[in-house]
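Q: Please find one structure pasted underneath; my questions will follow.
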Amino acid sequence: MVILRLNLAFYYALGNAVAIICIGLIDDPANNSRFRVFLATRTASLAYSTFVPFLIFSVIYLFGKVIRENIPWKLQSLLNLTAFILYLASAACILNDWSETKTRNYWPPNTQRMDYMCGAGAVAVIGALIYLLDLIVTVRLGVKGEIE
């Protein structure tokens, strides 16, 4: 358990990496398609409003760890649960748009942008799993009293 307690900040670093990758993968299909719509505006809005705030939250959390400030485990759990739900919703919307674009029968399809969308959805699912794992570890350690 000591290893898990020491590596709680590692989950947030992974969350940062996932958010940055997702933002980079969504940017091309969302902004550079002139004639074909690859990503719905609602999906892009949900994705950006999920990834950016949790990127900022993770940076603040890591900065707090650098200056040795403790964040209550109940607040961490609540934020991790929210992140898990929003990442999963974003992944579902992105993959749904990818599936709908794939079945529209555009010929020739722009497979590079479709690959970006599929990659963003897959990485968002991984991000949701990271936040779920962090939630489980935080609650388990918090209930035992090993973290404040």
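The values are calculated or read from the model by the stated rules, or taken from the named source; none is laboratory data. Note that this is a predicted model, so its numbers are computed, not measured. To get the accessible areas, we keep the full protein, side chains included, count just its heavy atoms, and leave off ligands, DNA and RNA. Shrake-Rupley method; radii C 1.70, N 1.55, O 1.52, S 1.80 Å.
Q: Determine how large the accessible area of SER45 is when every protein chain is in place; take a 1.4 Å probe and give Å² rounded to the nearest 10.
A: We get 60 Å² for SER45.
Q: Here's a follow-up. On a straight-distance basis, which lysines could pair with LYS74 in a cross-link, Cα separation under 29 angstrom, same-chain partners fewer than 8 positions away excluded?
A: Straight-distance partners of LYS74: LYS65, LYS144.
Q: Across the stretch 131-148, in residue order, what do the Karplus-derived ³J(HN,Hα) couplings come to in whole Hz, using 6.51 cos²θ - 1.76 cosθ + 1.60 with θ = phi - 60° and x for Gly and Pro?
A: For the stretch 131-148, the Karplus curve yields 5, 5, 4, 5, 4, 5, 5, 5, 5, 4, 6, x, 5, 6, x, 7, 10, 8 Hz.
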